[in-house]
Amino acid sequence: MKEILSGLRHEYNIDLVVGNGENAAGGIGLTPGTAEELFDSGIDVITTGNHIWAQKEIIPYLESEPAILRPLNYPPANPGRGYLLKKKTLIVNLLGRVFIGNFDCPFRAMDQLLAEFEHKSIPIIVDFHAEATSEKVAMGKYLDGRVSAVLGTHTHVGTIDAHILPGGTAYVTDIGMVGPIDSVIGDDPNSVIERFLTQMPSRLSVGKGNVSFDAILVEVDKNTGKAVDIKRIQKITD
Ligand SMILES: [Fe+2]
């Protein structure tokens, strides 16, 4: 992030950077220290996902650092928040349920939130952190015309379907990751293959070598909140 993001911010004149940091702490979870590094690299808002509670020290920090989101559809009394307004944009973090876990309904959670912002015509960016492509495509269609972008995360594998839906919502099933190319979704390949072969739990380590920087750039009309353009950006460190 440190190497690539500031150059991109200048090259594309980017107003707002949202980065999913749920596994920035050595491959799982997020700590206050790694969050600070991400902010220093140029990220404005950190979203997360199902690993948000993995590093215990992040839990009190969620209350003091408003620019880190945990998924909206956790129980409402949980620490932290699932959305925030930054640079006149509403950023929302949502968690899917198919093959991930039993969370509150992300579709109804969005209905409830959007009802609060009904009369405000502002850009709305949704990070939908989910495993199943079907759930993500369905969420894109459900929110089409109601938000500016539905951008998928969690699988670490970028998809080719970045496009603008008929109602003006930019959509991609998965952004991908910022992580090592020679890896199995970020982890050292040998340790992951060992797990598949033995079906025994084993410690995973982060892969090494060149890093793929996967990102999605969305242009939004700030007056209507509709997406004007979506494109994939991929850089590789050397
Ligand atoms: Fe995840």
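Quick note: the coordinates plus some simple rules give every number you see, no bench work behind them. A quick note: this is a predicted structure, and the numbers were derived from the prediction, not measured. Please note: Cβ atoms are built from the backbone with ideal geometry, for glycine as well, and neighbour counts cover all protein chains shown.
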Just want to confirm a number: the relative contact order over the chain, from Cα pairs under 8 angstrom separated by 6+ residues, in percent. 13 percent
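For a quick check: sort MET200, MET1 by the number of other beta carbons within 10 angstrom, fewest at the front.
Working: MET200 7, MET1 18.
Fewest-to-most ranking of MET200, MET1: MET200, MET1.
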Mind jotting down the three principal axis lengths of the chain based on Cα atoms? Whole angstrom, largest first. 53, 41, 35
Based only on other Cβ atoms within 10 Å, what is the fewest-to-most ordering of THR198, THR155? THR198, THR155
Quick check: the distance between the Cα centres of segment 1-79 and segment 194-238, to the nearest angstrom? 14 Å
Using each residue's phi in segment 130-135, evaluate 6.51 cos²θ - 1.76 cosθ + 1.60 at θ = phi - 60° and report the 3J(HN,Hα) Karplus result to the nearest Hz, with x for Gly and Pro. 8, 8, 7, 4, 4, 5
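Listed here are the pairs LYS2/LYS120; LYS136/LYS226; LYS87/LYS208; LYS136/LYS231; which of them are more than 25 Å apart at the Cα? Intermediate values should be presented prior to the final figure.
Values: LYS2/LYS120 34 Å; LYS136/LYS226 19 Å; LYS87/LYS208 36 Å; LYS136/LYS231 18 Å.
Beyond 25 Å between Cα atoms: LYS2/LYS120; LYS87/LYS208.
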How do 109-117, 211-219, 90-98 rank on mean C-beta neighbours within 10 Å, highest first? 90-98, 211-219, 109-117
Note the angle between two axes, namely the Cα long axis of helix 32-41 and the longest principal axis of the Cα atoms of the chain, as a number of degrees from 0 to 90, rounded to the nearest 10. 60 degrees
Among 118-125, 231-238, the order from most to least packed when residues are scored by Cβ within 10 Å on average: 118-125, 231-238
How large is ³J(HN,Hα), in whole Hz, for each residue of segment 104-110 in order, when computed from phi with the Karplus curve 6.51 cos²θ - 1.76 cosθ + 1.60 and θ = phi - 60°, using x for Gly and Pro? 5, 5, x, 5, 5, 4, 5
For the chain, take the longest principal axis of its alpha carbons; what is the angle in degrees between that and the long axis of helix 189-198, to the nearest 10 within 0 to 90? 80 degrees
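Charges only on Cβ, +1 for Lys and Arg, -1 for Asp and Glu: so what's the dipole of segment 119-179 about the Cα centre, in debye to the nearest 20?
Working: 4 positive and 6 negative charges, 53 e Å.
Charge dipole, segment 119-179, about its Cα centre: 260 debye, nearest 20.
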Hz values of 3J(HN,Hα) by residue in segment 70-86 - Karplus curve (6.51, -1.76, 1.60), Gly and Pro given as x: 10, x, 4, 8, 7, x, x, 7, 4, x, x, 9, x, 8, 7, 9, 9
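Between ARG9 and ASN102, what FRET efficiency follows from the Cβ-Cβ distance if R0 is 41 Å, with the result rounded to 0.05? Please list the in-between numbers first.
Numbers: r = 38 Å, r/R0 = 0.94.
For R0 = 41 Å, the calculated efficiency reads 0.60.
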